[in-house]
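The values are calculated or read from the model by the stated rules, or taken from the named source; none is laboratory data. Owing to the predicted nature of the structure, the values given are computational and were not obtained by experimental measurement. Note that each Cβ is placed from the backbone with ideal geometry, even for glycine, and that neighbours are counted across all protein chains shown.
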Amino acid sequence: MSGPLSGITVLALEQAVAAPFATRQLADLGARVIKVERPAAGDFARGYDRAVHGQSSYFVWLNRGKESVELNIKDPADRAVLMRILAEADVFVQNLAPGAADRLGLDAVTLRASRPELIHCSMSGYGPEGPYRSKKAYDLLVQCEAGLVMATGTPELPSKAGFSIADIATGMYGYSGILTALYERERTGRGATLRIAMLDALGEWMSQPASFAHYSGTPSRRTGAKHPSISPYGPYRTGEGTVFLGIQNDREWSALCHTVLERPELAGDPRFRSNVDRVANDAELTAVIESVFAGYTAEQAVELLERAGIANATLRTPDELLEHPQLRARDRWRQVDTPEGPVRAMLPPVESDTGEPPMRPVPALGAHNESVRADFGPQQAGESAR
């Protein structure tokens with residue numbers, strides 16, 4: 001293995017999205033990530049769908065570069081294998097059901113008592129204390145609890161985010177927390193006990209709309225694809241198609257009026273003079289913009305906006321991301337092997353001049369049963385010699 005985390009071993013007792021997303025980042029950096037899965041069944045995310053060559057799109061996305069070993073951790077022999085891995089692991093990550101790690105003796109206090117250098121990372125829905133500590137948590141449910149669903153959608157219909165945003169937020173904080181703990185351990189020799197709650201992670205990301213609503217006394221506005229507190233910012237119909245644009249300041253607003261709309265008088269119109277004015281009169285402003293754009297196609301409108309230096313975007317489907325001209329021009333896609341055939345996967349977002357990260361295969365269930373047991377069997381642990 002190569003990469004900045006080469007030589008680091010991560011034991012992952014993980015399922016679904018949050019913890020697997022964190023450990024996949026570590027695998028991309030060269031860590032050895034040993035993923036413990038339930039015998040015969042595996043991580044239940046393997047069964048979420050059959051979209052990618054008959055495999056789960058979630059599992060393929062989240063688990064490249066890992067080793068899969070089937071262990072029944074309630075079976076004494078398999079439990080012994082698990083503990084041998086833990087005896088050599090640098091990092092232990094778990095997102096089991098609330099209280100499960102404690103009942104299994106895999107909590108941080110127990111494991112770090114004998115190995116204070118271990119980095120122990122637990123992810124949960126609501127944290128280990130408080131009235132919600134035992135409450136089950138899934139992504140959509142945490143979106144509800146964090147206020148995201150009520151801040152998303154249209155005035156008539158609250159909506160969830162279009163991807164697993166609570167899980168991803170949690171996984172990214174787990175990933176950055178583990179990297180920080182590894183750095184600290186290099187200086188002090190001490191590991192760390194890390195705890196990340198989904199509600200905390202998404203709550204951090206919801207802080208701006210929460211603060212806006214609380215301190216302004218104004219309930220969150222659901223504005224569909226438009227920005228709730230900046231205007232013009234969102235989708236605008238043209239004579240053929242839709243274009244998105246965003247105005248961030250009065251200078252850009254003036255440029256839009258003079259160069260794109262060719263209505264310079266709008267820049268000083270009392271209805272639209274400041275962003276606060278424009279938000280208050282967004283319906284009228286939208287009608288003005290769309291009346292001008294009616295004479296253009298979406299492509300022509302984009303050209304005008306580009307020439308004026310106005311931020312804009314083309315509305316694309318998720319599938320079209322794989323053919324995005326900017327990603328293609330920058331060679332951002334690689335081929336990753338899976339048990340049922342190769343798939344396209346994007347390189348990790350952080351580019352480094354130290355080299356390209358490995359894009360290792362997605363494991364079949366139990367693909368590494370023999371190798372992991374051989375590496376962490378009694379002889380390798382020194383048991384038979386005693």
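Structure values in brief
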| quantity | calculated |
| --- | --- |
| Any hit, segment 241-256, residues being modelled with pLDDT of 95 or more, in contact with an Asp or Glu (Cβ under 7 Å, 6 or more places away or on another chain) and buried (at least 18 other Cβ atoms within 10 Å of the Cβ) | no |
| Residues that are β-branched (Val, Ile, Thr) and without any contact (Cβ under 8 Å) to a residue 12 or more places away in the chain, drawn from segment 110-136 | THR110 |
| PRO361 being under 25 Å from PHE163 (Cα atoms) and surrounded by 15 or more Cβ atoms within 10 Å (Cβ to Cβ) | yes |
| Qualifying position, being touching a residue at least 12 places away in the same chain (Cβ under 8 Å) and either outside the structural domain of LEU179 (by TED's automatic domain parsing) or within 19 Å of ALA374 (Cα to Cα) (or both), among ALA89, ALA77, ALA40 | ALA89 |
| Of the criteria (1) more than 24 Å from the chain's Cα centre (by Cα); (2) within 29 Å of TYR58 (Cβ to Cβ); (3) surrounded by 13 or more Cβ atoms within 10 Å (Cβ to Cβ), which one ARG103 fails | (3) |
| Selection within segment 196-218 - over 23 Å from the mean Cα position of the chain (by Cα) and among the hydrophobic types (A, V, I, L, M, F, W, C) | PHE212, ALA213 |
| Among the residues listed as GLU299, GLU340, the single one being modelled with pLDDT of 95 or more, more than 22 Å from the chain's Cα centre (by Cα) and of a type in the set (Asp, Glu) | GLU340 |
| Residues of segment 26-67 that turn out to be surrounded by fewer than 24 Cβ atoms within 10 Å (Cβ to Cβ) and either farther than 20 Å from MET83 by Cα or small (Gly, Ala, Ser) (or both), as a count | 24 |
| LEU266 being touching a helix residue (DSSP H, G or I) at 6+ places or on another chain (Cβ under 8 Å) and free of Cβ contacts under 8 Å to residues at least 40 places away in the same chain | yes |
| Candidates LEU327, LEU315, LEU347 - the one that is at pLDDT below 95, under 30 Å from ASN63 (Cα atoms) and among the aliphatic types (A, V, I, L, M) | LEU315 |
| Filter pass, ALA345 being within 30 Å of GLN25 (Cβ to Cβ), small (Gly, Ala, Ser) and surrounded by 12 or more Cβ atoms within 10 Å (Cβ to Cβ) | yes |
| Filter result for the condition that a residue is charged (D, E, K, R) and in the same structural domain as PRO155 (by TED's automatic domain parsing), over ARG263, ARG190, ARG273, ARG251 | ARG190 |
| Exclusive hit being over 30 Å from TYR173 (Cα atoms), under 34 Å from the mean Cα position of the chain (by Cα) and not assigned by TED's automatic domain parsing to the domain that holds ILE168, set ARG221, ARG237 | ARG237 |
| Residues within segment 78-129 that are closer than 19 Å to GLY7 by Cα and among the small types (Gly, Ala, Ser), tallied | 2 |
| Residues of segment 25-36 that turn out to be touching a Pro at 6+ places or on another chain (Cβ under 9 Å) and charged (D, E, K, R), as a count | 2 |
